[in-house]
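This report concerns only the one structure given below.
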Amino acid sequence: MNTFETLGLHPELLKALAEQEFTTPTPIQTQSIPAGIAGKDILASAATGSGKTAAFMLPILDRLIGQPRGTTKALILAPTRELAAQIVEHANMLGRHTRVRAAAIYGGVGMKPQEDAIRRGTDILVATPGRLLDHCQRGYVNFNGLEVLVLDEADRMLDMGFLPDIKRILAMLPRGRRQTLLFSATMPAPIATLARELMRDPVTITVERKQTTAKGVTQALFPVAAHLKVALLAELLKRDEIGNAIVFCRTKHRANRVAEKLEKMGYATAKMHGNRSQAQ
């Protein structure tokens, strides 16, 4: 059986993993970590929840341990602020016994702390494309020492319209040899084309996602006429076993209407969609 000790990681990383009680690597980690440590480009198809963050973060940390500080050496592009923050949390947790540090660059918050992180050359920057471009336009972003580029959830960034922004960022990066890691749940044609342009003889990894229900989750299907959906939802919410619920709707307007109807029935609701600000 594979363990993290067999993957060639630095002892300080193994210490952090042990403290978090991470003992057995997932399939994506087993395949990605040795290739990443060897400096190979990686093209991986792996879904959220497969352990992919550690799969690319551990080789990056292993590479940067002992290197001089003050230069950003790894850039990770992610589609959302939530994922960027999560990646930074993982990086600082896994690298807790090293001097390697990560910072997040995303919208919806002030620019100044992010500018400071960029100017001091934080080892690993994890950024959403749009906010990173905002900083790039101000003239203080320097990637001359960049050694590793990661595109995380590349297909999702494509769906969100970030491909032009990603290409603008790539054009700003130094042309010297760097390690490129691309992780994507699916591999649509534009992402496959981008991978061919970016990568040199990549190691290709595919981890099939098991189509199973998570433990503790019960699934149920209720065929119902459209005009009865909200009434059925209200009836389900009356059951004692449902304390909180997330309701997905097809459109923003539909989400507003459902929320308004539930509020009139006495339920506290919050709406989340593209017409709402980050603060809302």
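A few points about this structure:
- Residue within region 124-131 that is assigned to a helix (DSSP H, G or I), farther than 23 Å from residue 70 by Cβ, among the small types (Gly, Ala, Ser) and under 21 Å from the mean Cα position of the chain (by Cα) present: yes
- Restricting region 62-83 to residues that are under 20 Å from the mean Cα position of the chain (by Cα) and in a loop (DSSP other than H, G, I, E, B), the residue that is nearest to residue 36 (Cα to Cα): 73
- Tally, over region 105-119, of residues that are surrounded by 12 or more Cβ atoms within 10 Å (Cβ to Cβ) and not in a helix (DSSP H, G or I): 5
- Test: residue in region 156-169 that is touching a His at 6+ places or on another chain (Cβ under 8 Å) and open to solvent by 10 Å² or more (accessible area, probe 1.4 Å): no
Yes/no per residue for (1) modelled with pLDDT of 90 or more; (2) open to solvent by 60 Å² or more (accessible area, probe 1.4 Å); (3) in contact with a His (Cβ under 6 Å, 6 or more places away or on another chain):
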| residue | (1), (2), (3) |
| --- | --- |
| 179 | yes, no, no |
| 191 | yes, no, no |
| 196 | yes, yes, no |
| 211 | no, yes, no |
| 215 | no, yes, no |
| 224 | yes, no, no |
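- In summary, residue 204 fulfils each of the numbered conditions (1) of a type in the set (Ser, Thr, Tyr); (2) modelled with pLDDT of 90 or more; (3) in a loop (DSSP other than H, G, I, E, B) with the single exception of condition (3).
- Filtered by the rule that a residue be over 29 Å from residue 110 (Cα atoms) and open to solvent by less than 70 Å² (accessible area, probe 1.4 Å), region 257-280 gives 258, 259, 262, 266, 267.
- Test: residue in region 102-110 that is at pLDDT 95 or above and either of a type in the set (Lys, Arg) or more than 22 Å from the chain's Cα centre (by Cα) (or both): no
Yes/no per residue for (1) in contact with a helix residue (DSSP H, G or I) (Cβ under 8 Å, 6 or more places away or on another chain); (2) surrounded by fewer than 24 Cβ atoms within 10 Å (Cβ to Cβ); (3) charged (D, E, K, R):
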| position | (1), (2), (3) |
| --- | --- |
| 65 | yes, yes, no |
| 78 | yes, no, no |
| 86 | yes, yes, no |
| 92 | no, yes, no |
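Per-residue answers, yes or no, for (1) under 23 Å from the mean Cα position of the chain (by Cα); (2) small (Gly, Ala, Ser):
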{"site": "184", "(1), (2)": "yes, yes"}
{"site": "203", "(1), (2)": "yes, no"}
{"site": "223", "(1), (2)": "no, no"}
{"site": "228", "(1), (2)": "no, no"}
{"site": "231", "(1), (2)": "no, yes"}
{"site": "244", "(1), (2)": "no, no"}
{"site": "250", "(1), (2)": "no, no"}
{"site": "253", "(1), (2)": "no, no"}
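- Among the residues of region 84-96, those identified as in contact (Cβ under 8 Å) with a residue 12 or more places away in the chain and more than 10 Å from the chain's Cα centre (by Cα) are 90, 91, 93, 94, 95, 96.
- Among the residues making up region 3-23, those that are touching a helix residue (DSSP H, G or I) at 6+ places or on another chain (Cβ under 8 Å) and surrounded by fewer than 16 Cβ atoms within 10 Å (Cβ to Cβ) are 5, 8, 20, 23.
The values are calculated or read from the model by the stated rules, or taken from the named source; none is laboratory data. Everything numeric in this text was worked out from a predicted model, so none of it was measured. Reconstructed Cβ throughout: ideal geometry from the backbone, glycine too, with neighbour counts over all protein chains shown. Ligands, DNA and RNA are stripped out before the accessible areas are found, and what is left, the full protein with its side chains, is counted by its heavy atoms. Shrake-Rupley method; radii C 1.70, N 1.55, O 1.52, S 1.80 Å.
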